[in-house]
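The values are calculated or read from the model by the stated rules, or taken from the named source; none is laboratory data. Bear in mind the structure is a predicted one, so any value in this text is a computation, not a measurement. When we count neighbours, we look across all protein chains shown, and the Cβ atoms used for this are built from the backbone with ideal geometry, even at glycine.
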Amino acid sequence: MRSACPVQISGVGCHVPERLLTNQDLEKMVDTSDEWILQRTGIATRHILDPGKATSDMAVEAIKALCRSTGMEPQEIEVLIVATVTPDMYFPATACLVQDKLGISRTWGFDLSAACCGFVYAVSAGVAFVASGMHRRVVVVGADSMSRIIDYQDRNTCVLFGDGAGAVLLEPAVQEENSFVDAHHEIDGSGGPSLCMPAGGSLMPPSCETVKQRLHYVKQEGQPVFKFATRKMEEASRIVLERNHLSPDDLRLLIPHQANARIIRGTAERLGLREDQVILNLHKYGNTTAATIPLAIRDALSDNRLVKGDVVLLASVGAGFTVGTALLRWAY
Ligand code: UT7
């Protein structure tokens, strides 16, 4: 990723809806327990979007928070990339809806669909725009309203997910050394059936039958996804570290996708990382798909666990399967 124009993250802004869904609430909805959820996933609460609101609304709030923290005016955004698997609708793209809600006129943008790797992939796309000199200000948003596609009668999935959004600003780096270093991405479509929403697309358009069979909800085979995620988080992390002559010990922070505390701890153990080198915040939000990593960055900053010059690795595995890591030195 080294280029004529090094790229930095200049700021982060996030939004989660106010309404909470706790493990105790879920105990009343399906055959589950607070103990099982905490032990098997590490999740305690999730934030749930109010009816009548959509992914674009959370993305707008995240961008407003980003603007407050950076001093940027929304009007200055040149490119807007929205990573999501829960767009407001099939089309137009959520990026267009966000642009309109922000009332900004000089931007272009698009949606990127890569499930839990959406944020990392969108960041790589945004970095390429800035590194090439094509644009100077790219905003990447990871936003998902998972509650809209979760079956709250299915205990295998309904305890896992929550709603949220996070945005970062990508700009030319102020100091060359504090910038993006490298990235490693892979996709493996053979894993598609293990985690998907079967109906609603061109293969199985909506019908009374698909609704009756509850096919417009997330379906997951937990075990294969768990095993793939634990193996690939380590593998993809090592690839990008080794290519840059770094060891896990050199990392100040691993900021992983937050799907399951056992996957994160397992990855940390395989990499030989200490607890203080890893961000774990999914007890508060659950799995917010494309939003987990910006939320984790925001929490790391507010807990003073991330400062200028720190070597940071973003790492994610998700539906697809998708795998993504991005290595950077923190810029501020
Ligand atoms: O972000 C996208 C990527 N997604 C992931 O990374 C998720 C990966 N997978 C996982 O995190 C885990 O596989 C789960 C948390 C989904 C499930 O945990 P597990 O330890 O793999 O459980 P399991 O699926 O093997 O199920 C074990 C038992 C089963 O009961 P029996 O068959 O042993 O009687 C399940 O029916 O746990 C049962 N179970 C539950 N029990 C209480 C499944 N869900 C629940 C639940 N409450 N919510």
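Conditions tested, residue by residue: (1) among the hydroxyl-bearing types (Ser, Thr, Tyr); (2) buried (at least 23 other Cβ atoms within 10 Å of the Cβ).
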| site | (1), (2) |
| --- | --- |
| PRO17 | no, no |
| MET29 | no, no |
| SER33 | yes, no |
| ILE37 | no, no |
| LEU66 | no, yes |
| LEU80 | no, yes |
| ALA83 | no, yes |
| PHE91 | no, no |
| ARG106 | no, no |
**Q.** Identity of the residue in segment 1-29, farther than 30 Å from LEU66 by Cβ and of a type in the set (S, T, N, Q), that ends up farthest from the ligand (Cβ to nearest atom)
**A.** GLN24
Q) Which residue, of ARG231, ARG305, ARG243, is more than 23 Å from ALA143 (Cβ to Cβ) and either hydroxyl-bearing (Ser, Thr, Tyr) or touching a His at 6+ places or on another chain (Cβ under 9 Å) (or both)? A) ARG243
Q.
Test of understanding: among ASN244, ASN281, ASN260, ASN287, which residue is outside the structural domain of CYS14 (by TED's automatic domain parsing), of a type in the set (S, T, N, Q), surrounded by fewer than 21 Cβ atoms within 10 Å (Cβ to Cβ) and under 19 Å from the mean Cα position of the chain (by Cα)?
A. ASN281
**Q.** Of residues in segment 30-50 being hydrophobic (A, V, I, L, M, F, W, C) and within 16 Å of the ligand (Cβ to nearest atom), the one nearest to ALA122 (Cα to Cα)
**A.** ILE43
Q: Kindly indicate which of PRO205, PRO198 is surrounded by fewer than 20 Cβ atoms within 10 Å (Cβ to Cβ), touching a strand residue (DSSP E or B) at 6+ places or on another chain (Cβ under 7 Å), assigned by TED's automatic domain parsing to the domain that holds VAL307 and at pLDDT 95 or above.
A: PRO198
Q. Do we have ALA236 as touching a residue at least 24 places away in the same chain (Cβ under 8 Å) and near the ligand (Cβ under 9 Å from one of its atoms) here?
A. no
Q | Selected residue [modelled with pLDDT of 95 or more and in a strand (DSSP E or B)] from VAL225, VAL181, VAL211 | A | VAL181
Q. Right, SER237: of a type in the set (Ser, Thr, Tyr) and over 30 Å from PRO87 (Cβ atoms) or not?
A. no
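Keeping to segment 214-233, report how many residues are more than 14 Å from the ligand (Cβ to nearest atom) and not aromatic (Phe, Trp, Tyr).
Summing the residues that are more than 14 Å from the ligand (Cβ to nearest atom) and not aromatic (Phe, Trp, Tyr) in segment 214-233 gives 3.
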Q: For ALA65, work out the one condition from (1) touching a residue at least 60 places away in the same chain (Cβ under 8 Å); (2) more than 21 Å from the chain's Cα centre (by Cα); (3) part of a helix (DSSP H, G or I) it doesn't fulfil.
A: (2)
Q.
Residue under question is GLN75, and the condition is that it be buried (at least 23 other Cβ atoms within 10 Å of the Cβ) and either part of a loop (DSSP other than H, G, I, E, B) or away from the ligand (no atom under 16 Å from the Cβ) (or both); does it hold?
A. no
Q: Test LYS53 against the stated conditions and say whether it is surrounded by fewer than 21 Cβ atoms within 10 Å (Cβ to Cβ), within 16 Å of the ligand (Cβ to nearest atom) and either outside the structural domain of ILE263 (by TED's automatic domain parsing) or of a type in the set (D, E, K, R) (or both).
A: no
Q. So is ARG252 out of contact with any helix residue (DSSP H, G or I) (no Cβ under 9 Å at 6 or more places or on another chain), away from the ligand (no atom under 11 Å from the Cβ), basic (Lys, Arg) and closer than 17 Å to ARG329 by Cβ or not?
A. no
Q: Identify the single condition in (1) within 13 Å of the ligand (Cβ to nearest atom); (2) crowded, with 17+ Cβ neighbours inside 10 Å that ALA167 does not satisfy, given that it satisfies every other one.
A: (1)
Q.
Of all residues being without any contact (Cβ under 8 Å) to a residue 60 or more places away in the chain, closer than 12 Å to ILE255 by Cβ and polar (S, T, N, Q) in segment 268-320, which is nearest to the ligand (Cβ to nearest atom)? Just the residue, please.
A. ASN281
